[in-house]
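A.B. asks: So that we are looking at the same thing, I have put the structure below in structure tokens.
The values are calculated or read from the model by the stated rules, or taken from the named source; none is laboratory data. Just so we're clear, the structure is a prediction, and the values are computed from it rather than from any experiment. Here Cβ is always computed from backbone atoms with ideal geometry, including for glycine, and neighbour counts include all displayed protein chains. Each accessible area value is taken on the protein alone, full model and side chains, heavy atoms only, with ligands, DNA and RNA left out. Shrake-Rupley method; radii C 1.70, N 1.55, O 1.52, S 1.80 Å.
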Amino acid sequence: MEPLRFIAEDGARADPFPLSPEELTRGYREVVRARVFDERALTLQRQGKLSVYPPYKGQEAAQVGAALALDPGDWLVPSYRETAAALACGLSMSQAILYWRADPAGWRYPDDLRVLPFYIPIATQLLHAVGVASAGRYQGEDWVALTFIGDGGSSEGDFHEALNFAAVFQAPMVMVVQNNGWAISVPTEKQMRNPRIADRAAGYGIPGVVVDGNDLAAVWHVTREAVARARAGEGPTLIEAVTYRVGPHTSSDDPGRYRSADAGAAWLARDPVSRLRAALEGLGVWDDAREEALRAEIAEEFAAAVREADAAPEPEPQQIVEQVFETMTPDARAAWEVLRRG
Amino acid sequence: MADAPDTRPMTLVQAVNDALDVALSQDPRVLLFGEDVGMGGVFRVSDGLQGKHGEARVFDTPLAEAGIVGYGIGLALAGMRPVAEIQFAGFLYPALDQVLSHLGRYRHRTRGRFTVPMVIRAPYGGGVHTPEQHADSPEAVLTQAPGVKVVIPSDPMRAKGLLLAAIEDPDPVFFLEAIKLYRSVKAEVPSGHYTLELGRARVARAGDAATLVTYGGMVEVCLKAAEVAAREGVELEVIDLETLAPFDAATVMASVEKTGRAVVVYEARKIGGFGAEVAARIAEETVWSLQAPVLRVAGWDAPYPPFSAIEHHYRPDARRVLEAVRKVLAA
Ligand SMILES: Cc1ncc(C[n+]2csc(CCOP(=O)(O)OP(=O)(O)O)c2C)c(N)n1
């Protein structure tokens, strides 16, 4: 299987092309929004205003393309890498900042947002996505659950169990593997013998698709088809989005310790953002003025988000023992009093 | 006849089945699933429930414990009330990642936005000559998971009321059922719906000479020991914890303050077992009322033996409990 692609590296569009110019423009806005958030978040982290932050530079199209394929009412079940997908699903920038600031104020998302919190223990979210997907059927809902995992995570047992459960129960779930070449320092070739992760779908009796993860049109298209199949009761799909982790694993990581400085140089030419812009320009619907206006708008959104996040109340020690059970236990109550006194 | 209590004699298996039936009947969000659950389960706990409530609500899963627990967490996050069965507590270990990493953390990490009202049932413990691995008692591991309740009933009537309370609880509950008790006792169980409060220990037998603190399959062992002691004029108080987490310290301390002597009885491996927590709490909170050191009677520091002929030397019995009682009374 060769990765499906609709936008060439120079921005040339395949014919037929799956997205309307309006959709492509919307996708571009979200991709730029994601890029700007990521770059500025990393800066905030360097200034000590975020805790550990996992950047996703180079993977914006894989995340945003998949997220845009969801309808309102669908669910996102992300790993730590998917801030871009969460933003595209409606998580506000200020909430995302507070989340990565590790501030309790950021960890309660709005009640109407069907986005689960970021998951740290690798691959554990996948099983939850299957359960969330199935839960709709019992409630007369036709929602779909979209979940993400990395190439490294595909080695975990939960990856297998989730695909098997989803297949057996024909759960309306779509799983996107962002094959970004690295699991911290371990390259994909040390992770698996067959580098085509989508091939594994056959083993579960479900469709597997491989797509150029740096091509927003391709990711959006295959995810949209998978979501439609899921909603129609035709079961789950495994999508492998081939992409590249351009930056460090997290803000604490130094890739210089395990890969050469020019590793992945070829991927810079495949940058999802500039490729998309070239496609829009080819359509005649984008120019420097629009670009400038968009960048200014997003810069203001980010600045406002920082102001909002900075205005959040300071975390208080007793919050540590709150929200363990619905009703506080006597032990927790005693601890709460101790912590409140500081 | 209107005054006749509406009860029926039931084994613990039947009482759990009855509780599940009531829960499935009254709440459409309740789902029951696990390995072989559809045909009734290896202990026949879910007998007849698939036929009555349908294959969508009572169903078999693939044979994967992490999958069972993780799938259930997802169902609970999105509005269902899953009741998962792990076939034996000794086969829970593949699911421990889901239990320790997620089950009890969701309310905390989303500050109450998402909760996991899920019950995980598992038969546990020894005494019936099961093969290797089948007799484990991993309750202490589970009490190390914050945000998870751990309930272990000791008789059919209490099992039904506690299980219904667990299913209706807004937080995740582990519900361990002593295999030894599954069919060994029959007791009157009220029909229909009733609940017993979680988080409360109970005085299973009142006495003043010493306190036996125990739970689950060891309650009958301690009651037997208390009967024997009573014949010699020694009245032992037996506290049945029922809920290990959250721990009802008040009931335990009230008893120990009264008797001044405590023996903690559990069948899991002694070191790091839940009885160690009980003993530590007694030391922290009421050491001044103690007339003797707190003793523990528990499984030996070895794997639960798969050797049928000598298995009964592992699991505490009334004789070992009484030996410890004699020691604390002599002190
Ligand atoms: C169960 C578990 N094991 C190990 C880790 C530590 N860890 C965090 S990220 C990571 C690599 C993940 O790589 P991959 O799945 O390819 O995703 P990526 O980070 O590239 O997005 C590891 C080993 C973890 N978080 N969870």
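A.B. asks: Sort through A:A34, A:A41, A:A105, A:A61 and tell me the only one that's touching a Phe, Trp or Tyr at 6+ places or on another chain (Cβ under 7 Å) and in the same structural domain as A:R224 (by TED's automatic domain parsing).
C.D. replies: Values: A:A34 fails: touching a Phe, Trp or Tyr at 6+ places or on another chain (Cβ under 7 Å); A:A105 fails: touching a Phe, Trp or Tyr at 6+ places or on another chain (Cβ under 7 Å); A:A61 fails: touching a Phe, Trp or Tyr at 6+ places or on another chain (Cβ under 7 Å).
The unique qualifying residue is A:A41.
A.B. asks: Does region A:194-212 include one or more residues that are in contact with a Phe, Trp or Tyr (Cβ under 6 Å, 6 or more places away or on another chain) and either more than 16 Å from the ligand (Cβ to nearest atom) or more than 14 Å from chain B (Cβ to nearest Cβ) (or both)?
C.D. replies: no
A.B. asks: On to the next question. Mind listing just one residue for me: the one in region A:141-163 that is open to solvent by 20 Å² or more (accessible area, probe 1.4 Å) and in contact (Cβ under 8 Å) with a residue 40 or more places away in the chain and, of those, nearest to the ligand (Cβ to nearest atom)?
C.D. replies: So the residue we want is A:G150.
A.B. asks: Out of everything in region B:113-167 that is part of a strand (DSSP E or B) and within 14 Å of chain A (Cβ to nearest Cβ), what residue ends up being most open to solvent (accessible area, probe 1.4 Å)?
C.D. replies: Across region B:113-167, the extreme among qualifying residues is B:K149.
Matching residues to (1) aromatic (F, W, Y); (2) modelled with pLDDT under 95; (3) within 20 Å of A:P3 (Cα to Cα):
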| site | (1), (2), (3) |
| --- | --- |
| A:F148 | yes, no, yes |
| A:F159 | yes, no, no |
| A:N180 | no, no, yes |
| A:V186 | no, no, no |
| A:P207 | no, no, yes |
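A.B. asks: So in region A:114-135, with the set limited to residues that are within 15 Å of the chain's Cα centre (by Cα) and farther than 15 Å from A:I149 by Cβ, which one is most open to solvent (accessible area, probe 1.4 Å)?
C.D. replies: A:R114
A.B. asks: Looking at region B:279-331, which of its residues are among the acidic types (D, E) and open to solvent by less than 20 Å² (accessible area, probe 1.4 Å)?
C.D. replies: First pass over region B:279-331, keeping only residues among the acidic types (D, E): B:284-285, B:301, B:311, B:317, B:323.
Hit for region B:279-331 is B:E311, nothing else.
A.B. asks: Taking region A:319-342 only, how many residues are within 13 Å of chain B (Cβ to nearest Cβ) and outside any loop (DSSP other than H, G, I, E, B)?
C.D. replies: 9
A.B. asks: Continuing with the same structure: Being buried (at least 20 other Cβ atoms within 10 Å of the Cβ), touching a strand residue (DSSP E or B) at 6+ places or on another chain (Cβ under 9 Å) and within 14 Å of chain A (Cβ to nearest Cβ): is that true of B:V69 here?
C.D. replies: So B:V69 passes the test.
A.B. asks: Quick one: in region B:72-112, which of the residues that are within 19 Å of B:K149 (Cβ to Cβ) and among the charged types (D, E, K, R) is surrounded by the most Cβ atoms within 10 Å (Cβ to Cβ)?
C.D. replies: Out of the qualifying residues, it is B:E85.
A.B. asks: Pick from region A:83-95 the residues that are under 17 Å from B:F114 (Cα atoms) and more than 15 Å from the ligand (Cβ to nearest atom): which of them is nearest to the chain's Cα centre (by Cα)?
C.D. replies: Restricting attention to region A:83-95, the residues satisfying the condition of being under 17 Å from B:F114 (Cα atoms) are A:86, A:91, A:95.
Of the ones still in play, those that are also more than 15 Å from the ligand (Cβ to nearest atom) are A:91, A:95.
Details: A:L91: 11, A:Q95: 15 Å.
By that ranking, first place goes to A:L91.
A.B. asks: Report every pair of residues separated by at least 6 positions or lying on different chains whose Cβ atoms are under 9 Å apart, first residue within region A:185-209 and free of Cβ contacts under 8 Å to residues at least 24 places away in the same chain, second within 11 Å of the ligand (Cβ to nearest atom) and aliphatic (A, V, I, L, M).
C.D. replies: Final answer for the pair search is A:K190/A:A183.
A.B. asks: Filter region A:164-183 for residues that are out of contact with any helix residue (DSSP H, G or I) (no Cβ under 6 Å at 6 or more places or on another chain), aliphatic (A, V, I, L, M) and touching a residue at least 24 places away in the same chain (Cβ under 8 Å) and give the result.
C.D. replies: A:M175 - this is the single residue of region A:164-183 that is out of contact with any helix residue (DSSP H, G or I) (no Cβ under 6 Å at 6 or more places or on another chain), aliphatic (A, V, I, L, M) and touching a residue at least 24 places away in the same chain (Cβ under 8 Å).
A.B. asks: Which residues, counting only those in region B:29-58, are closer than 16 Å to B:I120 by Cβ and either modelled with pLDDT under 95 or within 12 Å of chain A (Cβ to nearest Cβ) (or both)?
C.D. replies: Residues satisfying the conditions are B:V30, B:L31, B:F33.
A.B. asks: Let me ask something else. Residues that are touching a residue at least 24 places away in the same chain (Cβ under 8 Å), out of contact with any Lys or Arg (no Cβ under 8 Å at 6 or more places or on another chain) and either more than 11 Å from every other protein chain (Cβ to nearest Cβ) or part of a loop (DSSP other than H, G, I, E, B) (or both): does region A:128-138 have at least one?
C.D. replies: There is no residue in region A:128-138 that is touching a residue at least 24 places away in the same chain (Cβ under 8 Å), out of contact with any Lys or Arg (no Cβ under 8 Å at 6 or more places or on another chain) and either more than 11 Å from every other protein chain (Cβ to nearest Cβ) or part of a loop (DSSP other than H, G, I, E, B) (or both).
A.B. asks: Still on this structure, please answer the following. Of the conditions (1) over 23 Å from A:G235 (Cα atoms); (2) within 14 Å of the ligand (Cβ to nearest atom); (3) out of contact with any helix residue (DSSP H, G or I) (no Cβ under 8 Å at 6 or more places or on another chain); (4) within 11 Å of chain B (Cβ to nearest Cβ), A:Y80 fails just one. Which one is it?
C.D. replies: (4)
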